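Below: the structure, in structure tokens.
The values are calculated or read from the model by the stated rules, or taken from the named source; none is laboratory data. Just so it is clear, the structure is predicted and the values come from calculations on it, not from any experiment. A quick note on method: Cβ atoms are made from the backbone with ideal geometry, for glycine too, and the neighbour counts reach across all protein chains shown. Remember, those area values only see protein heavy atoms, side chains included, never the ligands or the DNA or RNA. Shrake-Rupley method; radii C 1.70, N 1.55, O 1.52, S 1.80 Å.
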Amino acid sequence: MTAASPEPGRAPLTTLPGVGAQTAQRLASRGLATLQDLWLHLPRQYEDRTRLTPIRDLRPGVPAQVEGVVEAAERGFRGRPVLRVALGDASGATLLLRFFHFRAAQVAQFAPGARLRAYGTPRPGQHGLEIVHPSYRALGGAEAALEEQLEPVYPQIEGVGPVLLRKLIARALERLPGDDALELLPPALRGDVPSLRAALLYVHRPPPDADLAALSAGTHPAQQRLAIEELLAHHLSLRRQRIALQRHAAPAFGGAGALAARLEASLPFALTAAQRRVFAQVRDDLRQPRPMLRLVQGDVGSGKTVVAALAATLAVESGAQAALMAPTELLAEQHFASLQGWLRPLGVETAWLAGKVSGKARARALEAIADGSAQVVVGTHALMQEGVAFRRLGLAIVDEQHRFGVHQRLALRDKGGDGGLLPHQLVMTATPIPRTLAMSAYADLDVSAIDELPPGRTPVRTVALGAHRRPELVDRIRAACAGGRQAYWVCTLIDDSDEVVAQAAQSTYEQLQAALPGVRVGLVHGRMKAAEKQAVMRAFKDGALGLLVATTVIEVGVDVPNASLMVVENAERLGLAQLHQLRGRVGRGASASSCVLLYQPPLSRLARERLATMRETNDGFVIAERDLALRGPGELLGTRQTGIASFRVADLVRDAALLPQVHALAERLQADAPGVADRLVERWIGGASRYAAA
Ligand code: ADP
Ligand code: MG
């Protein structure tokens, strides 16, 4: 009997009466394959048909059910067919029901004198309140009973009508096992939250006196109970993965750190206290004989690269190799230039590998990586490709983690430690992830924060201007360049195919060149050859160019401290994280910088909020929190990249306050009842775990 199986919810939906092959397929196309999937297909709202509201008492915007007699019905045509039905009741008021789509058979139901029960949201119309497309039914002579529960409205499924869906969910709920079979949270840990069974029954069939406002907001204790369990399962799964990884051995780098000390002494600046602290954390991790799993978060310009370089020296000093991978070629090139500049003088051999490195150069790089003579290797995704094998990879550093998936990070890990040792992993991200999200997305990583900028930076002043003010900017650029400063002009388009954007950048480049005869203008975009790009970037960095016209290829990592003015075209099309990254290209030197966000009116509400946020703050964490609130975690992190958006019930923004409780629960469960923890993961994430194989 299925109830004896550990997960009763795993029974396929075809075991439900009324689910044939076709319905099963339609449900499956929305990810609903098991009983449990239906249990967790939660209502998106509720309709209260447990009572009747006198028509006189209706209020605009408040959904209600009324019952009355048709006083008149009229078909008309106002650009399209319309059917208007006047409904009156004992309260002496009349309500207008208005239909735009209707069949002849329907019209017949509205003969004057017919009794109707209708549900909908009244709005003010020309002649008092009206409801457009109410749900309704014609009542015969007999008294019709009222519903006893709030009626759930489920997210629609194509090809499965709402009535059938409701019926199927009700049947699935009949098969909901008792607490003894379903409940996994030990009573001692559960506290006073409802049981899973009670919570599910409540959200599907709330009683008439339920707090509809809380249910609609998703904050009812029954909903929170479900969210807690789901968040718990995800958290446990990430932790489990981490534990599995840390069962492997890694090389312990226990040297004195002489190379790191020499690097630090050779820098033209002193490390900030935050850099020092984070490096110390990394160094402690690297001394351990198990793999480090550490995320370093630091706002744009906080100086993560040098911390990575210092970490790399610890591997090198112990005779291992370090690899640094960046998501774009431009960024990887800059890292390579920085690391080479710092490490070569110390006698460390560096190598460069990107997709465009080919022929002899590629063969040489691969050989140096394989025989270990390349001690520090910098590159793009190319580092993860087949055919790249390290002799002794001891430290894998990934910059801009959120642009890589978890899988890619892991792929680099597998690139060859020696003798079954796994490399340590250091992940760096410049797009601060809201703390709440970081805790969930990176439960498998320790987190360090470089929460301080190097001294002497002045905050960037940001303004948003309509595109018609473009001409003034040309004057500003002229003035800035005349004063020995440099500027960026960033071109963006909706169509972000490289080719179209490159063309737009090309024509902007030509216009600006013509408009600014005294200024040397450069152009960089994604379709240029690496060597060309590099030459332009170098010329800009050396000050030979005053203005750099660029696509968003300069979004991350580009570091030219003398650049103090940035213009971003079509800024309304960019997300907050991207705008913040772009703006981070200025404000790196001592002089006051500004960022001008040009937009095409009219602005959508979201775009206006984004631009306002950019004007109000330079703090990456604040921006990340706003971004999360505006967009939700799915878009922020990318579903495919992290799997984090695949929550069924939980919502990280709404449920953020539950996380501390969830983490404490995870801790205790893992310690006291690891078997239960496994079952929770199995229930919510199951064999489909995107991480399971990691
Ligand atoms: P990010 O954290 O955005 O990757 P970078 O590593 O590119 O920042 O560093 C930004 C700039 O600050 C670089 O020019 C770097 O050399 C410089 N820098 C890093 N640390 C310090 C420091 N402690 N003092 C002064 N400048 C620093
Ligand atoms: Mg960086």
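Under the simplified labelling scheme, the Ala265-Ala108 pair shows an inter-label distance of 9.9 nm, with each label point 7 Å from Cα along Cα→Cβ. Per residue, the solvent-accessible area of segment 475-620 (1.4 Å probe, heavy atoms of protein chains only, all protein chains present) comes to 41 Å². In this calculation the C-beta distance from His663 to Phe100 is compared with R0 = 45 Å, giving a FRET efficiency of 0.30. A straight chain from Ser91 to Arg457 at 0.36 nm per residue would run longer than the Cα-Cα distance by 124.7 nm. Based on C-alpha pairs under 8 angstrom that are at least 6 apart in sequence, the chain has a relative contact order of 12 percent. Of the accessible area of the chain, computed with a 1.4 Å probe over protein heavy atoms only, carbon and sulfur atoms account for 52 percent. Placing unit charges on each Cβ (+1 for Lys and Arg, -1 for Asp and Glu) gives the chain a dipole about its Cα centre, and among Val490, His234, Pro60 the Cα reaching farthest toward its positive end belongs to Val490. How many percent of all Cα-Cα pairs in segment 214-265 sit more than 14 Å apart? Here the tail beyond 14 Å accounts for 73 percent of pairs. By the equivalent-ellipsoid construction on the alpha carbon gyration tensor, segment 97-238 comes out with semi-axes of 40, 17, 15 Å, ordered largest to smallest. Computed from the C-beta positions of Ala256 and Glu158, the FRET efficiency with R₀ = 51 Å rounds to 0.20. Peptides 114-120, 18-24, 310-316, ordered by how many other C-beta atoms sit within 10 Å of their residues on average, highest first, read 310-316, 114-120, 18-24.
Rounded to the nearest 20 debye, the dipole magnitude of the chain is 1080 debye, with +1 charges on Lys and Arg beta carbons, -1 on Asp and Glu beta carbons, and the Cα centre as origin.
Cα centroids of segment 192-216 and segment 327-346: 56 Å apart.
Look at the dipole of the chain built from charges on Cβ: of His525, Val427, His41, the Cα furthest out on the positive end belongs to His525. On full extension, the segment bounded by Arg277 and Asp211 gains 18.9 nm, given 0.36 nm per residue less the C-alpha separation.
Expressed in units of 2.2 N^0.38 Å, where N is the residue count, the Cα radius of gyration of segment 452-545 is 1.20. Rg of the Cα atoms in segment 48-127, relative to 2.2 N^0.38 Å, amounts to 1.07.
Modelled spin labels at Arg287 and Glu143, positioned 7 Å past Cα toward Cβ, are 8.2 nm from each other.
Entry comment: accessible area of segment 51-194 is 56 Å² per residue, from protein heavy atoms only and a probe of 1.4 Å. Taking the average, over residues, of other Cβ atoms within 10 Å as the packing measure, peptides 66-78, 293-305 rank 293-305, 66-78 from highest down. Ranked from largest, the principal axis spans of the Cα set of segment 300-348 equal 29, 20, 19 Å.
Between Arg26 and Glu472, the distance separating the two model label sites (each 7 Å from Cα on the Cα→Cβ line) works out to 5.8 nm.
Taking the chain as the region of interest, the number of lysine pairs whose Cα atoms are within less than 30 Å, with members eight or more places apart or on different chains, is 17. The smallest convex shape that holds all Cα atoms of the chain, its convex hull, gives 208 Å³ per residue. Considering segment 291-378, its Cα convex hull presents a mean projected area of 6.3 nm². Taking the centroid of alpha carbons for each part, segment 348-363 and segment 458-486 are 39 Å apart.
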